[in-house]
Amino acid sequence: MSTISIIGTGGMAAAIGGLAARAGHTVEVMSRDAVKARALAEQIGAGATTRTFGAAAAGDIVILAVPYSAVLDVVKQYGEELAGKVLVDITNPVASDHTSFVTPGDSFGAQEITKAAPADAKVVKAFNTQFSHVLSAGPVPGRPLDVFIAGDDEHAKARVSAFIGSLGLRPMDTGPLSMARTLEHACLLSLGLLTHSVKHTNFSIGVSLLG
């Protein structure tokens, strides 16, 4: 098992951190709010630790578990402390109307993060299509929870896939980082289903393998 560093203290940070700790990983939490970081580490348990916000992460995999509205500033503040790391982008740059995005028309969230990160950091999109409470509960017997990923570096994707698999989830590689744009649109699909048909958040988007 390995050390997983999580920047953020919200629902997704708690869900991923909890699953990682239960799977035997060492979890490190970082946040601008040190009190919230300590509280989440205590909630996660299993020896979870905290580190000063902006300091070099102990883990080679760093989960960017902050809202898209904050993530670019976070990545820029960390700067070269993220050099060589695998950055897992879980964000969705959805506008307040829940039908469009705040990113430039010719770009997407993961690409903007890549621009802000050190040149040798490897960005992998993952976890952005699942609700935090669904992730936290884990898979239901016979119904795997799929985590779609996208990235340009095959080694980085393999490491993220292995991490996802260790959590009892099913990694589904969708291709290069450009596919992250499609995964961000999948968030709009979830919001549309929530609003117009499902009417609650106790669902997940996944793949049914028929043979």
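The values are calculated or read from the model by the stated rules, or taken from the named source; none is laboratory data. Computed from a predicted model, the values in this text were never measured in an experiment. No Cβ is skipped: glycine too gets one built from the backbone with ideal geometry, and neighbour counts run over all protein chains shown.
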For this session: Might you check whether a residue that is within 14 Å of the chain's Cα centre (by Cα) and either buried (at least 17 other Cβ atoms within 10 Å of the Cβ) or part of a helix (DSSP H, G or I) (or both) occurs anywhere in the stretch 97-109?
Result: yes
Problem set entry | Lone qualifier among Pro144, Pro139 - being touching a residue at least 60 places away in the same chain (Cβ under 8 Å) and more than 15 Å from the chain's Cα centre (by Cα) | Pro144
Seminar exercise, completed: Counting only residues in the stretch 51-88 that are surrounded by fewer than 19 Cβ atoms within 10 Å (Cβ to Cβ) and within 14 Å of Val27 (Cβ to Cβ), the one nearest to the chain's Cα centre (by Cα) is identified as Asp60
Exercise. If you scan the stretch 91-124, which residues turn out to be over 21 Å from Thr174 (Cβ atoms) and of a type in the set (Asp, Glu)?
Worked result: Asp97, Asp120
Seminar exercise, completed: Pairs returned, first residue in the stretch 88-112 that is more than 23 Å from Asp60 (Cβ to Cβ), second residue that is β-branched (Val, Ile, Thr) and part of a loop (DSSP other than H, G, I, E, B), beta-carbon separation under 9 angstrom, 6 or more apart or interchain, are Asn92/Thr129; Pro93/Val102; Pro93/Thr103; Val94/Val102; Ala95/Val102; Ser96/Val102
Exercise. Among the residues of the stretch 20-42, is there at least one that is among the hydrophobic types (A, V, I, L, M, F, W, C) and modelled with pLDDT under 95?
Worked result: no
Problem set entry | Close pairs (8 angstrom Cβ cut-off, 6 or more residues apart or separate chains): among the β-branched types (Val, Ile, Thr) in the stretch 188-204, modelled with pLDDT of 95 or more anywhere | Thr201/Phe131; Thr201/His133; Thr201/Val134; Thr201/Leu194
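Residues are listed down the side, and each one gets a yes or a no for (1) β-branched (Val, Ile, Thr); (2) over 27 Å from Ser5 (Cβ atoms):
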position	(1), (2)
Asp97	no, yes
Val102	yes, no
Ala110	no, no
Ala117	no, no
Ala150	no, no
Leu167	no, no
Pro171	no, no
Leu188	no, yes
Exercise. When you scan the stretch 25-42, how many residues do you find that are exposed (fewer than 15 other Cβ atoms within 10 Å of the Cβ) and touching a residue at least 24 places away in the same chain (Cβ under 8 Å)?
Worked result: 1
For this session: For the stretch 151-177, name all the residues that are farther than 16 Å from Asn128 by Cβ and out of contact with any Gly (no Cβ under 9 Å at 6 or more places or on another chain).
Result: Asp152, Asp153, Glu154, His155, Ala156, Ala158, Arg159, Ala162, Gly165
Problem set entry | Test result for Phe127, assigned to a loop (DSSP other than H, G, I, E, B) and surrounded by 21 or more Cβ atoms within 10 Å (Cβ to Cβ) | yes
Exercise. Listed residues Ala119, Ala158; which is in a loop (DSSP other than H, G, I, E, B) and surrounded by fewer than 21 Cβ atoms within 10 Å (Cβ to Cβ)?
Worked result: Ala119
Problem set entry | Among (1) among the charged types (D, E, K, R); (2) surrounded by fewer than 16 Cβ atoms within 10 Å (Cβ to Cβ); (3) at pLDDT 95 or above, the one test that Asp146 misses | (2)
For this session: Look at Glu42 and say whether it is out of contact with any helix residue (DSSP H, G or I) (no Cβ under 8 Å at 6 or more places or on another chain) and more than 16 Å from Thr9 (Cβ to Cβ).
Result: no
